[in-house]
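Asker: Have a look at this one before I ask anything.
Values in this text are rule-based calculations from the coordinates and carry no lab data. For clarity, every value in this text was computed on a predicted model and none was experimentally measured. Reconstructed Cβ throughout: ideal geometry from the backbone, glycine too, with neighbour counts over all protein chains shown.
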C-alpha cells in the first residue's frame, strides 16, 4: 500500500530536493516510511502532506528502528517538531530531520542542531544541568554503567574548563560550534540513514 | 557598502524600502519618479542623524537603515503587495524572537541589512538622477556624480535587477544550509524562484535578450540534468542498503570495511575492463587460434592429462595454454585486420594498471586528508569530544547501543583517571622487560615464518623436478603460507597481552606486526621464486639449441625428396622452454585461489559453525556458552582489511604475467561481499569496544599505497632487467620487454619522433629533469610549510578574537566575501592571496572590534601583527 501511494508531485519533489540535502530516492523512501507510520485512514498522499491533518505522534516516530536505540530520540523529535505542543512530526519536519542527519549536510547545520538537541531545557545555552543529563544519557540507564556523583562533577568541571571560553559557566552555541568544528569524526557519526 | 560618502541631506532619500516586491521593480520607474512626500522623510533624517552620532563609522549604515525602515514602510504603505511582504518580514521577526539562539538571528539580520544596503546603493543613484532632472532645488547639492549617471535608466535598472536576481539565486543555492523549519524554507524558496523566473527573461536587451533567455533556460536544464544524474549515480552505487544495515547493527567501524571492499571492487572492475578490453578480447578474437603454434598448444607429453580436473585445478593443462596467461600471446607485431599492435598494447596495459591504481589510491588519500585538515589540534578538547561527539547516531541495534554505553562510560572513567593520575607509573621496569620480551618473541616468530617459507619454496622446486608428486607436495607453499597467515596473528595477539598497552596503541602495534608478517612472507616467496626464474633463464640457451636442432633435423631429413614440401611439424611436438613468466603467473593465481579458499573456510568454520554450536548446544550444556567461553565471534576489522590489501598486492604483482588474475579477483570480491555480509549478520556480534572508523581510513589507504609500491618493485625489476623467454609471450625474441616501445616508435612513427625520443632518453636530459623535479618538490614543500605556519598563526588570532565574543561565522563570512573578489587562482598566487587574506581579515576584525569594544582594543594590541 505504501509503494503505490508514495508518489509526490514533481514540483514538490524538486522543491524538497532544493531545500534538503537528500536525493530523490531518499525523499521518496522517507515519504514511504512516513506514510507507513500514519494511521491507516489517512494513508494517502494529499493527507500526508498537509501538516495540519497528519502528524505522526512522537511515540510512533520513536518506534523506527533508526531511532529506537538512540538515547536522544525524544530530544531529536522535539527539536524538529513544528507542532505547538512539540509532540508530533509532520512530513516536512521529518524531511528536515533526515536532511540534517544526512551525509551531505554541512558541519555547520549539523552542529547547530546538535546544540539544540543537547540543550535539554531549551534555554539557548548548555548549563551544568544539561551537561549532567547529557552524561547520564550517554552512559545508559543501567546502574553499573552510571557515573558516581564525584566522577560526574569532575567530568563536567573538565568539560567546562575546555570549552567554556568566556567563563560564564555555560556553553553557548558559538563555543559549542568552535569545539565541534575541531572534532575529526563528528560529521561522520552525526548521521541517521533510513 | 557604498564606497563614496553620502551627502547629508540625501540620507533620507537613499534608504529604500527593503521590502520592495517584484512588481515594484518592474514598475520601478513609475514608483520612484513620484517624489515621496517630504513630510515623511523629515523625521527619518533626524533619526538617522541622531543615530549616526551615537555610532561609529562602520555600523553607521546598518543603523540608519534600521531607523529608516519604519518610515519607508509608511511611505509605501499603499501598495498592496508590499503589505504582503511586510507581513512576512514581521513574521520573520517574530520567529526570530522565538528562536533561542542569538546566532541565527544576527545572521539573518545581517543578511537583511546587506540586502538593504545594496538596494540603498542602487536606489540612491536612481533617485539622485531623478533629482537632477526634476527637482531643481537640489541641483546645487554636492552630488557624487560619476559616469554612470549619464547611462540610460533602463540599463541601470537592468543592472539592479540582475543583481537582485543573482542574490535570489544565491538564496536558492544556500537555503538548505539555513536552520529553519521546512515551511519557512519553502516559502522563501518559492518567492525567490518566482522572482528569478519573472526577471530572468527580462534581462538582456535587443538581440542579446533572446540569447540571454536561451542561456538561462539551458542553464536551468543543465542544473536539472546534473541533479538527475546525481540521483542516478546514487542509485547505481551497489550494496548501499546492505552496508546501511550492517552500519546500524555494528556501528561505522565494521561498515568501513565493507565500504573499503566496495571501493576495491570498483577499482578492480576498472582494471578488469582495461585488461580484458585491450588484451584478452583482441587476442581471442583476432589472434591465432589455439593449436596453431607451439606456444598455443599443450605439449604432447601433457596431452593425456590436460583435461583432468586435478591438473586444471593446479592451473596446468589447457588452462596454462590459454589467454589467461602470459605465455599464450604471440610476438606478432600486429594482429587481425585492425592491425592491432598486441605486444605494444600488452605492455601499455601492464604499465597503466599500475598507473591507474596509483592515481586512484593517491586521489582518495588526498580527498581523505582534505576532509580532516580542519580538525587542527584535538588534544585540547578530549573531554568535550567524548561528551559531544562520541555517540554514533547510526547505531540502531539495542545490543550495539548497550555496548556503546559501556564503552563510553569506560572511556569517561578512563579519562578521568588519566587526568588524575597521569604522572603515576607503576613498576616501570617490569613493564619494560615484558615489552622487550614480547618484541623479541615476535621477531623470532617473524624470522621463523620467513625461513619456513623459504625452505618450503626451495623444496617445492625439488618437487617440481620429480614426477609423481602428491597433492600436498604440489600445494605445500600455498598451504604453509595460508596457515601462517591464519595462526600467526592470534599468536601475536597473545604475546601482545604481555605488553599491557592501551588498546588503541595495541591495535596499531598489532596491525604493524601482521603487516610485517605478510610482507616478509610475500617477499621471501618472491625471492625464492626469483631464484627459480634465474635457474630457468640459465637453462634457456640449451633448450633454444635443442629446439633449433629438432626443427632443423626435421626439415632436412633425407628421406623426403625435395619436390614435395614436408608438412610442418605438429606444434605439440616442438620442444620448448619452460616459460618462466607463465610459471610466475601460475604461482600468483594459485596463491590467490588458495587465499580465497582459506578465507571462506575460516569464515565458515570459525564464525558460522561456532555460532551454530554456541546457539544450539547452549540448551544442553553445563555453562552458559553465549556469555561464557566460546561465545560468538567478533568481526575482525583489521585482519580483514589487511587481508584485502595483501590480496590486492598479489593481484598487482601477478596481473602482468597472468592477465586473467584480475578477473578471478573481481569474482572473489563479488562473492566475498555477499558471503561476508551474510556471515557478519548471521554469526558475529558487535564489538565489545565499539570504536569509530573515520580516523583509520587514511591509515589503511597508506598501507595500500605501500603495498602497491612494493608490488611495483618486482614487476618493474623483471620488466627492466630480465630477458623474456624466447618462445612464449608477446615479447619473445626481444632482449628486454620494454624494447617494444622503441620498436613501435621506429616503425610506426615518423623518424623525427624517434629522434626526439632518443634525445629525451639521453641521460644528459634525464638527470637535469630529475633535479628540476626534486627542486620543485622542495620548493612546493617549503611553500606549503610556510602556508601551514601562517594558517596556524591565523587560527590562533581567530581563536583569540573569538574569545572576545565574535562568533566564528562572522569571520568565515569575511573570508568568504574576500575570496569572492579573487579571480585568479594559481598555486603560487594562492600563497600570496592567503597571506593577503590574513592581513585583510585581521584588519577587518580589528576595525570591527575597535568600533565596538574598548577593552578589546587593549587585548588586540597584544598582536604584533596589527600593531
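Asker: With a Cα-only, solvent-free Debye model of the stretch A:10-100, what are the log10 I(q)/I(0) values at q = 0.20, 0.25 Å⁻¹?
Answerer: Result of the Debye calculation: -0.97, -1.44.
Asker: Kindly express, to the nearest 10 degrees and within the range 0 to 90, the angle between helix A:149-163's C-alpha long axis and the longest C-alpha principal axis of chain A.
Answerer: In chain A, helix A:149-163 runs at an angle near 80 degrees to the longest axis.
Asker: Taking a virtual spin label 7 Å from the Cα of residue B:747 along the C-beta vector, which residues in the stretch B:721-736 bring their backbone nitrogen under 14 Å of it?
Answerer: B:730-735
Asker: Something else about it: Given the C-alpha centroids of the stretch A:162-194 and the stretch B:697-730, what is the distance between them in whole angstrom?
Answerer: Answer, in whole Å: 46.
Asker: Sort B:282-294, B:342-354, B:656-668 by packing, meaning the average of other beta carbons within 10 Å per residue, with the highest value first.
Answerer: B:656-668, B:342-354, B:282-294
Asker: Enter the mean number of other protein chain beta carbons within 10 Å of the beta carbon of each residue in A:15-22, as an integer.
Answerer: That works out to 5 on average.
Asker: Evaluate peptide B:396-409: per residue, the Cβ atoms of other protein chains within 10 Å of its Cβ; return the mean as an integer.
Answerer: 5
Asker: Now for a separate question. Place the peptides A:12-18, B:304-310 in order of packing, highest mean first, counting for every residue the other Cβ atoms within 10 Å and averaging per peptide.
Answerer: Per-residue mean Cβ counts within 10 Å order the peptides as A:12-18, B:304-310.
Asker: I want to check the label-to-label distance for residue A:136 and residue B:427. Put each point 7 Å from Cα in the C-beta direction and report it in nm to one decimal.
Answerer: A separation of 4.1 nm, rounded to one decimal place.
Asker: Here's another thing I want to ask about it. Sort B:552, B:315 so that the residue with the fewest other Cβ atoms within 10 Å of its own Cβ comes first and the one with the most comes last.
Answerer: Lowest count first: B:552, B:315.
Asker: Describe numerically, in nm with one decimal, the distance between label points set 7 Å from Cα along Cα→Cβ at residue B:772 and at residue B:608.
Answerer: It is 5.9 nm.
Asker: Calculate, in nm to one decimal, what residue B:493 and residue B:411 gain on full extension: separation in residues at 0.36 nm each, minus their alpha carbon distance.
Answerer: Gain in length upon complete extension: 27.3 nm.
Asker: Just to confirm the number: angle between the C-alpha axis of helix A:10-19 and the first principal axis of chain A, 0 to 90 degrees, nearest 10?
Answerer: Approximately 10 degrees, to the nearest ten.
Asker: While we're looking at this one, here's another question. Would you mind giving the mean number of other chain beta-carbons within 10 Å of the Cβ of each residue in B:181-190, as a whole number?
Answerer: Other-chain Cβ atoms within 10 Å of each residue's Cβ, averaged: 5.
Asker: Place a label point 7 angstrom from the Cα of residue B:765 along the Cα-to-Cβ direction, then list the residues of the stretch B:738-752 whose backbone nitrogen is under 14 Å away.
Answerer: B:752
Asker: A further question follows. In degrees between 0 and 90, to the nearest 10, how far off the longest principal axis of chain A does helix A:173-182 point, with axes built from Cα atoms?
Answerer: Its long axis makes an angle of about 90 degrees.
Asker: For all pairs of alpha-carbon atoms in chain A, what percent lies in each bin of width 10 Å, listed from the first bin to the last filled one?
Answerer: So the P(r) values, bin by bin, are 8, 31, 33, 18, 8, 1.
Asker: What does the convex hull of the Cα atoms of the stretch A:107-189 come to per residue, in Å³, rounded to a whole number?
Answerer: Hull volume normalised by residue count: 103 Å³.
Asker: At what distance in angstrom do the alpha carbon centres of the stretch B:216-269 and the stretch B:751-772 lie from each other?
Answerer: Cα centroid to Cα centroid, the span is 44 Å.
Asker: Mean residue ellipticity at 222 nm from the helices of chain A, using -39,500 (n - 2.57) per DSSP H segment of n ≥ 4 over the full residue count, to the nearest 500 deg cm²/dmol?
Answerer: Rounded to the nearest 500, the figure is -16000 deg cm²/dmol.
Asker: If you don't mind, another one. When a footprinting reagent is the concern and you count Cβ atoms within 10 Å, what order do B:728, B:677 take, fewest first?
Answerer: B:677, B:728
Asker: Further question: Say each of residue A:74 and residue B:240 gets a label point 7 Å from the Cα, pointing the same way as Cα to Cβ; how far apart are those two points in nm?
Answerer: Between residue A:74 and residue B:240, the label points sit 3.4 nm apart.
Asker: Taking 0.36 nm per intervening residue step and subtracting the Cα-Cα distance, what contour gain separates residue B:713 from residue B:399 on full extension?
Answerer: Net length gain for the segment: 108.4 nm.
Asker: Starting with the fewest neighbours, write out B:682, B:415 ranked by other beta-carbon atoms found within 10 Å of each beta-carbon.
Answerer: B:682, B:415
Asker: Using Cα pairs under 8 angstrom and six or more residues apart, how large is the relative contact order of the stretch B:169-294, in percent?
Answerer: Here the relative contact order equals 10 percent.
Asker: One quarter of the convex hull surface, Cα atoms only: what value does that give for the stretch B:268-420 in nm²?
Answerer: The number I arrive at for the stretch B:268-420 is 17.4 nm².
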